[in-house]
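Reading through the structure tokens given below for one structure.
The values are calculated or read from the model by the stated rules, or taken from the named source; none is laboratory data. As the structure is a prediction and not an experimental result, all values here were calculated from the model. We place every Cβ from the backbone using ideal geometry, glycine too, and count neighbours over all the protein chains shown.
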Amino acid sequence: MPKVLEGRSALMHPTRRQTLSLMLAGAAAGLVMPSMLGQGTARAAPPETPTGQIIVGFSQEPTVFNPHLLHIEVDDGVYFSLYDPLFGISPDGTFAPALAKEVPTVENGGISEDGLTWKVILRDDVKWHDGTPFTAEDVKFTLELLVDPDFMSWRKTGHSLVRDITVVSPTEITWKMEAPFAPYASILADTFIVPKHAFEGVDDKNNAPFNNAPIGTGPFKWQNRVAGDHLELVANPDYWGEGPYIERVIYKYIPDLTVLYTQFKTGDIDVIGLQYITPDHYDEAKDLPGKTVTVVPTASVESFSLNFDKPQFKDPAVRQALYAAIDKETIIDALYYGLPAPTESFVPQQSYYYNADLPKHAFSIEEANKLLDDAGWAPGPDGIRAKDGVKLSFTNSTTAGNHIREQVQQYLQQSFKEIGVEMTISNLPPAVMWGDYWMKSEFDSVVVGINFLTGADPDVSDRFKSTSSPAKGGNGQNTWLYVNEEVDGLLDEGGRVFVPEERKRIYGRIQEIIREELPLLPLFQYANVRGHREGVQGIDPNINVRIDTWNVKDWYWET
């Protein structure tokens, strides 16, 4: 963690100016990216005009092209090509201007000392892909769209506190905050601006034509999409920033991870993206001629996640028994070749806010059986436990074609059988799996990897607040349907506190509660095996974003 204030006294009793400085430095007290690929190494200069194309392979299909509808990580992979935020977040955790001329701070007058008044000065040289000038009206529209009660917004957290949005001029916008909110800078860095004019005259913005023919300010423009196969974007010649340096980027959908790797190996794709190279191929991949392959720590945590509305999972003893019956060590070593790090938290271990004192998981079939016996779950004639008419029988789902996860499922299925629990595997294509089935909590249980943080900020209101479940009419991604009054209160408190030391206590307690109640059974923190063809330049990991195409505008072919 960087030294932001001198001494404990200053940390515990900051001035208002120090408080707001801490808010904008919040990312720097968050995640640190170790040994970033390509950082500090010499690179050839990029071409003066866009040249060539790069094909990126994704194992999941991007299907949601409005960045403010409910979506998953793979959709983010396209957003960074098409859109821009007001400011973004760099690998070192600092914010960098984008559509805003500068990142608003107390020092530059962008934020008042009490954190309630914001002023953003915008660039005056930005055009939408259709040639329309970008203005403050577009920022106002975006912030209002996110809290529109008739819009299926993926995130209202933070935005719901914004009041009195005023367009001062085409390049200046101001607003008031109902209350200071520490994570809001990180949320804005993850908020892509969309064009007001594209929605004019549209009654139902959830089904606007824009959603399937998006217009952005980003480095690439929409060209065409072949559903189930690929998406083609072309260079934006009027892009306001540096780049792009390639003529087109193609996102190719390859659901089978073995086929995805084979196409990387044979050169059919240039960059292997989500879900990357599976660990069982790492030994071969690292020595492939003409390829650059690197293990990169990420913020995503793999878990066995439960639907709290299902009667099978309402008893804490059941959740504890399932967790005890998971042999994490064998899963990591045998199936993931020891690359990921076991964890007890949803917070990545590189984060300042990570709680390292959580109870350590212990694999024990005996303890799992005892927990269920003591809680009154008795085996029936078929060997499956039941209590009060509820059988310990459920489905488990994940992305079809992810062969390592499928092996994990089969291993868990056998382990659970030893404790009288029946788990049926029911996997689905990505577009179905991560659509309403996941977002609207139609599942029993899933194996899923999630980056829970917003940039480097520890706020998880979108994930664990009781009002953030789409299946219950909320906005967010609390797909576990998890409800805990103490967590709700802590999340509210964490949003009002700006001092990292104080926030660490709050989010440490949240991690304790989640570890105790187990809406998700944490397995490991990912270490992705990423790869690209030699000659592709500009690819840098960024642990503060959800996907690796965050800087696709900087990619180019070395000549």
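Selection within segment 507-544: residues that are part of a loop (DSSP other than H, G, I, E, B) and of a type in the set (S, T, N, Q). The member of this set that is nearest to residue 353 (Cα to Cα) is 544. When segment 500-510 is filtered for residues that are in contact with a Leu (Cβ under 7 Å, 6 or more places away or on another chain) and surrounded by 22 or more Cβ atoms within 10 Å (Cβ to Cβ), the ones remaining, listed by number, are 500, 510.
For segment 385-399, which positions are part of a loop (DSSP other than H, G, I, E, B) and surrounded by fewer than 17 Cβ atoms within 10 Å (Cβ to Cβ)?
388, 389
Only residues that are crowded, with 18+ Cβ neighbours inside 10 Å and of a type outside the set (Gly, Ala, Ser) were counted in segment 146-170, giving 9.
Scanning segment 216-242 for residues that are surrounded by 20 or more Cβ atoms within 10 Å (Cβ to Cβ) and either in contact with a Cys (Cβ under 8 Å, 6 or more places away or on another chain) or assigned to a loop (DSSP other than H, G, I, E, B) (or both) turns up 216, 217, 218, 219, 236, 239.
Each row is one residue, and each column tells you yes or no for (1) aromatic (Phe, Trp, Tyr); (2) surrounded by fewer than 22 Cβ atoms within 10 Å (Cβ to Cβ).
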| site | (1), (2) |
| --- | --- |
| 424 | no, yes |
| 431 | no, yes |
| 434 | yes, no |
| 448 | no, no |
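Has segment 42-49 got any residue that is farther than 23 Å from residue 231 by Cβ, crowded, with 19+ Cβ neighbours inside 10 Å and at pLDDT below 95? The answer is yes, given that some residue of segment 42-49 is farther than 23 Å from residue 231 by Cβ, crowded, with 19+ Cβ neighbours inside 10 Å and at pLDDT below 95. Comparison of 314, 310 shows that the only residue that is more than 30 Å from residue 500 (Cβ to Cβ), out of contact with any Gly (no Cβ under 9 Å at 6 or more places or on another chain) and free of Cβ contacts under 8 Å to residues at least 40 places away in the same chain is 314. For segment 48-80, filtering for residues that are part of a loop (DSSP other than H, G, I, E, B) and under 22 Å from residue 275 (Cβ atoms) leaves 11. Screening 139, 147, 202 for residues that are assigned to a loop (DSSP other than H, G, I, E, B), at pLDDT 95 or above and either under 27 Å from residue 546 (Cβ atoms) or within 28 Å of the chain's Cα centre (by Cα) (or both) leaves exactly one candidate, 147. Within segment 55-69, does at least one residue satisfy the condition of being in contact with a helix residue (DSSP H, G or I) (Cβ under 8 Å, 6 or more places away or on another chain), among the acidic types (Asp, Glu) and modelled with pLDDT under 95? For segment 55-69, residues in contact with a helix residue (DSSP H, G or I) (Cβ under 8 Å, 6 or more places away or on another chain), among the acidic types (Asp, Glu) and modelled with pLDDT under 95: present. Of all residues assigned to segment 238-256, at least one qualifies as being touching a residue at least 12 places away in the same chain (Cβ under 8 Å) and farther than 30 Å from residue 559 by Cα. Of the numbered conditions (1) on the phi > 0 side of the Ramachandran plot; (2) over 20 Å from the mean Cα position of the chain (by Cα); (3) in contact (Cβ under 8 Å) with a residue 60 or more places away in the chain, residue 481 satisfies every one except a single condition; which is it? It is condition (2) that residue 481 fails. Which ones in segment 414-444 are closer than 20 Å to residue 314 by Cβ and basic (Lys, Arg)? If the condition is that a residue be closer than 20 Å to residue 314 by Cβ and basic (Lys, Arg), then 440 is the only one that fits. Listed by position, the strands (runs of 3 or more DSSP E) contained in segment 81-133 that have at least 1 residues being β-branched (Val, Ile, Thr) are 87-89, 117-121. Listed by position, the strands (runs of 3 or more DSSP E) inside segment 243-352 whose residues that are on the phi > 0 side of the Ramachandran plot number at least 2 form an empty set. Checking every residue in segment 73-94 against the condition of being touching a Gly at 6+ places or on another chain (Cβ under 8 Å) and surrounded by fewer than 19 Cβ atoms within 10 Å (Cβ to Cβ) gives zero matches.
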